[in-house]
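J.: Got a structure for you, written out below as structure tokens; questions coming shortly.
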Amino acid sequence: MSRSPLLLVFALALGPVAACGETYIDTSLIDSVPDENTDSADTSAETPDPAPTDESGSRDFVATLELFALHAREISEVVADDRERAASMLDDLEADWSLIEDIIRAEQPDRLFGFSQAVDLVRSGVERNRPADVSKGWKLLDDLSADYPA
């Protein structure tokens with residue numbers, strides 16, 4: 001009889017550990033740290049060209065980000081009624097994202113995760129017909145674009 005409570009305590013103690021699953025980390029969002037022994041010429045070939053550093057180029061990029069968020073908003077307004085149109089609009093947004101992503105990675109790598117998350121919300125919202133996710137994604141894009149340093 002004394003074994004039953006001991007087995008019960010053991011089983012309860014293993015419960016939280018048994019519920020743990022694998023954790024997946026997307027390493028594509030992590031910038032690689034160059035080796036101290038390599039020449040700077042070797043790493044420049046791997047680094048995307050940064051955006052223009054002049055003030056007007058930066059303002060143009062911020063305006064582009066605002067348009068990007070506006071496109072996400074338009075998808076949000078359409079997705080509930082016309083999934084096919086939302087999907088074609090998503091293709092355009094994805095093309096814009098592929099250009100914007102490299103610039104954000106070069107200029108503000110700490111902000112890349114937030115933008116990636118927002119784009120993923122819009123993408124999955126369209127693919128899974130979840131208008132609330134699309135709306136959340138564009139609102140996040142709008143906030144991130146407004147806070148991007150000019």
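J.: Within segment 105-129, work out how many residues are without any contact (Cβ under 8 Å) to a residue 24 or more places away in the chain and crowded, with 18+ Cβ neighbours inside 10 Å.
T.: Of the residues in segment 105-129, 1 are without any contact (Cβ under 8 Å) to a residue 24 or more places away in the chain and crowded, with 18+ Cβ neighbours inside 10 Å.
J.: Among the residues of segment 132-142, are any part of a helix (DSSP H, G or I), of a type in the set (Gly, Ala, Ser) and touching a Leu at 6+ places or on another chain (Cβ under 7 Å)?
T.: Narrowing segment 132-142 to residues part of a helix (DSSP H, G or I): 132-142.
Now drop any that are not of a type in the set (Gly, Ala, Ser), which leaves 132, 135, 137.
Then keep just the ones that are touching a Leu at 6+ places or on another chain (Cβ under 7 Å); that gives 137.
Yes.
J.: Look at segment 69-96 and say how many of its residues are of a type outside the set (D, E, K, R) and either surrounded by fewer than 16 Cβ atoms within 10 Å (Cβ to Cβ) or at pLDDT below 85 (or both). First the steps, then the outcome.
T.: Going residue by residue through segment 69-96, those that are of a type outside the set (D, E, K, R) are 69-72, 75-76, 78-80, 86-90, 93, 95.
Going one step further and asking which of them are either surrounded by fewer than 16 Cβ atoms within 10 Å (Cβ to Cβ) or at pLDDT below 85 (or both), we end up with 70, 80, 87-88, 95.
Within segment 69-96, residues that are of a type outside the set (D, E, K, R) and either surrounded by fewer than 16 Cβ atoms within 10 Å (Cβ to Cβ) or at pLDDT below 85 (or both) number 5.
J.: If you don't mind, another one. Of all residues in segment 91-149, which are of a type in the set (D, E, K, R) and in contact with a Pro (Cβ under 8 Å, 6 or more places away or on another chain)? I'd like the intermediate steps shown before the answer.
T.: Here is the first cut: in segment 91-149, the residues of a type in the set (D, E, K, R) are 91-92, 94, 96, 101-102, 105, 107, 110-111, 120, 123, 127-128, 130, 133, 136, 139, 142-143, 147.
Across segment 91-149, the qualifying residues are 102, 105, 107.
J.: Which pairs turn up if I take residues in segment 76-101 that are in contact (Cβ under 8 Å) with a residue 60 or more places away in the chain and within 27 Å of residue 148 (Cα to Cα) and look for partners that are surrounded by 13 or more Cβ atoms within 10 Å (Cβ to Cβ) and among the aliphatic types (A, V, I, L, M) with beta carbon separation below 7 Å, at least 6 apart in sequence or on another chain?
T.: 76/134
The values are calculated or read from the model by the stated rules, or taken from the named source; none is laboratory data. In this text the structure is predicted, and so the values were computed from the model without any measurement. Reconstructed Cβ throughout: ideal geometry from the backbone, glycine too, with neighbour counts over all protein chains shown.
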